[in-house]
1. Restricting to the range 72-130, name every residue that is of a type in the set (G, A, S) and out of contact with any strand residue (DSSP E or B) (no Cβ under 6 Å at 6 or more places or on another chain).
2. Filter the range 205-227 for residues that are aliphatic (A, V, I, L, M) and either near the ligand (Cβ under 10 Å from one of its atoms) or assigned to a strand (DSSP E or B) (or both); which is nearest to I37 (Cα to Cα)?
3. Of all residues in the range 148-163, which are open to solvent by less than 50 Å² (accessible area, probe 1.4 Å) and modelled with pLDDT under 95?
4. Residues of the range 97-122 being open to solvent by less than 50 Å² (accessible area, probe 1.4 Å) and not in a helix (DSSP H, G or I), which ones?
5. Could you please find all residues in the range 59-86 being more than 13 Å from the ligand (Cβ to nearest atom) and part of a loop (DSSP other than H, G, I, E, B)?
6. Can you pull out the residues in the range 1-58 that are over 16 Å from C106 (Cβ atoms), within 16 Å of the ligand (Cβ to nearest atom) and in a helix (DSSP H, G or I)?
7. Counting only residues that are open to solvent by 20 Å² or more (accessible area, probe 1.4 Å) and farther than 11 Å from A97 by Cα, which one in the range 126-138 is nearest to the chain's Cα centre (by Cα)?
Amino acid sequence: MINKIKKIIKKKNKTKIICLTAYSKNFATEVDKHVDITLVGDSLGSVLYNYNTTRKVTLDNIIEHSKSVRMGIKKSLMVVDMPYKTYQNKKDALKNAIKVIKKTKCDAIKLEGGSKIKKIVKHLVRNNVAVMGHIGVLPQSVKGKFKYKGKMEREKKQLLNDAKLLQNLGAFSIVLECVQSDTARLITKSIKIPTIGIGSSKYCDGQVLVTDDLLGLNETKIRFVKKFVNLKKLINQGIKKFKKEVISKKYPSKKYSY
Ligand code: KIV
């Protein structure tokens, strides 16, 4: 695990880091072939369960999905999101992080926040938990509409300080979510650990997206989401073919029968 993390850090300033989400074994198997980091994000709440907030995702939810994901991963670093209210204090954070790591065999966990979770990150790293940071838009804290961060000077300074703080506390990488381009560039240049952007410009050291979004499975109007393929179309083609062959009694033919 430490080697995998070192390899990811070494990519900074050399080659882009690829990170995607997976919530189950079959997706993880395919994602793992192409990425450096597979993230079991709490975005699974909205993508799979239609929750209007990631706050509803529980520790048990994330553990069960992560156990499934683990079965599909051969090479990438597996990072699991710590759900809302599972890292409110040092004691809970460590207890829950260890539970997640033991049950899912993940390599690292991700927490949302900067200076507000300083003591927690410090405590986790001290206890050998590999931590990925997450600053900018923090879905576990947002009420209502998401607004990008880092345009105002005060916000820019705060984000830069948070990134430096997380680095100094021992985080191995930081997700920048919806951070204004110049600010994302400044943060990326100012720290030694990689930044992984989502809606935060090309200046980050790597990029992460929700896999269901890039495959066109999830209907969303979020600005940074690019549909790289229309998987819905392919799924419909397959299902239609199956239906047609069942109705016409072409399937199951002898070949597919005992
Ligand atoms: O929950 C998630 O999937 C995430 C990424 C989109 C960064 O946190």
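The values are calculated or read from the model by the stated rules, or taken from the named source; none is laboratory data. From a predicted model like this one, the values you see are computed outputs, not experimental measurements. All Cβ positions, glycine included, derive from the backbone under ideal geometry; neighbour counts span all protein chains shown. Please note that ligands, DNA and RNA were not included when accessible areas were found on the heavy atoms of the full protein model with its side chains. Shrake-Rupley method; radii C 1.70, N 1.55, O 1.52, S 1.80 Å.
1. Result: G72, A93, G113, S115.
2. Applying the filter and picking the extreme gives V208.
3. Residue satisfying the conditions is G150 alone.
4. Within the range 97-122, C106, D107, A108, I109, K110, L111, E112, G113, G114 meet the criteria.
5. I73, K74, K75, S76, K85, T86, listed by residue number.
6. Of everything in the range 1-58, those that are over 16 Å from C106 (Cβ atoms), within 16 Å of the ligand (Cβ to nearest atom) and in a helix (DSSP H, G or I) turn out to be G45, S46, V47, L48, Y49, T54, R55, K56.
7. Selected residue: L138.
Yes/no per residue for (1) under 21 Å from the mean Cα position of the chain (by Cα); (2) free of Cβ contacts under 8 Å to residues at least 12 places away in the same chain; (3) assigned by TED's automatic domain parsing to the domain that holds D81:
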{"residue": "K157", "(1), (2), (3)": "no, yes, yes"}
{"residue": "I174", "(1), (2), (3)": "yes, no, yes"}
{"residue": "L217", "(1), (2), (3)": "yes, no, yes"}
{"residue": "G238", "(1), (2), (3)": "no, yes, no"}
